[in-house]
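Here's the structure, in structure tokens; my notes come after.
The values are calculated or read from the model by the stated rules, or taken from the named source; none is laboratory data. These figures come from a predicted structure and were not determined experimentally. Heads up, the Cβs are rebuilt from the backbone with ideal geometry, glycines too, and the neighbour counts pull from every protein chain shown.
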Amino acid sequence: MFTGIIQSVGNIETKSETAAGARLSIATPGFARDLAPGDSVSVNGVCLTVEEVAGDRFTVTAVGETLNRTTIKTLTPGSKVNLERAATPNTALGGHIVQGHVDCIGQVVSFRKTGQDWLLSIRLPAEAHSLTVPKGSIAIDGVSLTIIDRRPGNILTITIVPFTFENTVIGTYRSGTKVNIETDVIGKYVAQYLARMRGGTI
């Protein structure tokens, strides 16, 4: 489990195909030193298992299913990624409960500055959009964010504050950027419960 509070931005040093999927080497000063093989780490919102640690670098493998369902497949050497260690009983829940299980890929519709902040608009698949609510939580590339509004066309609007813009990969977004989306797990359970009560499915 994670909280959606990004602890570091890493750099993809190498990416190679393996029988299992793709092996990534990620460099990040300071962050990797507290990792050990077997630890879970969120890479752009995707929960992956640390395989090796060497100084400021660590390696993970993304299996085929992960590559098919997330933007990990588009990463190349030089790509920047959001990183977060798995939460512990002593971790402050500064964001919200994030599982690291990506629901879908969204696409940036627009990203513009408004005063000191930025307004981000993202289009989601219809099913994921239906699981969101204004003032609710959503994880975008692993970042815990608050939804400002839901708009026609399966679009969400979100305010990005300067700290988040400067300290996560969100600052690199442009119109058309593909992003990993994880909707609020509590909302998903509520939707499933209500669907069953009504005799439907979800």
Residue selected from segment 149-183 under the condition in a strand (DSSP E or B) and without any contact (Cβ under 8 Å) to a residue 24 or more places away in the chain, by the criterion nearest to residue 117 (Cα to Cα) = 149
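Kindly indicate whether residue 196 is basic (Lys, Arg), in a strand (DSSP E or B) and free of Cβ contacts under 8 Å to residues at least 60 places away in the same chain.
On the way: basic (Lys, Arg): yes; in a strand (DSSP E or B): no; free of Cβ contacts under 8 Å to residues at least 60 places away in the same chain: yes.
Criteria not met by residue 196.
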Complete set of residues in segment 170-189 that are surrounded by 21 or more Cβ atoms within 10 Å (Cβ to Cβ) and of a type in the set (A, V, I, L, M, F, W, C) | 170, 179, 181
Selection count, segment 6-65, where residues are assigned to a strand (DSSP E or B) and either touching a residue at least 40 places away in the same chain (Cβ under 8 Å) or within 26 Å of residue 103 (Cα to Cα) (or both) = 33
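Kindly indicate which of 21, 64, 38, 45 is closer than 24 Å to residue 182 by Cα and within 17 Å of the chain's Cα centre (by Cα).
Going through 21, 64, 38, 45 in turn, just one is closer than 24 Å to residue 182 by Cα and within 17 Å of the chain's Cα centre (by Cα): 45.
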Could you grab the pairs with beta carbons closer than 6 Å, sequence gap of 6+ or different chains, first residue in segment 74-89 and surrounded by 11 or more Cβ atoms within 10 Å (Cβ to Cβ), second one charged (D, E, K, R)?
-> 82/141
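Considering segment 1-14 alone, what residues qualify as being more than 17 Å from the chain's Cα centre (by Cα) and buried (at least 18 other Cβ atoms within 10 Å of the Cβ)?
Initial filter on segment 1-14 (more than 17 Å from the chain's Cα centre (by Cα)): 13-14.
Across segment 1-14, there are no qualifying residues.
Only one residue in 164, 157 is surrounded by 15 or more Cβ atoms within 10 Å (Cβ to Cβ), at pLDDT 95 or above and touching a strand residue (DSSP E or B) at 6+ places or on another chain (Cβ under 6 Å), so which one is that? Write out each step before concluding.
On the way: 164 fails: touching a strand residue (DSSP E or B) at 6+ places or on another chain (Cβ under 6 Å).
Exactly one of 164, 157 is surrounded by 15 or more Cβ atoms within 10 Å (Cβ to Cβ), at pLDDT 95 or above and touching a strand residue (DSSP E or B) at 6+ places or on another chain (Cβ under 6 Å), namely 157.
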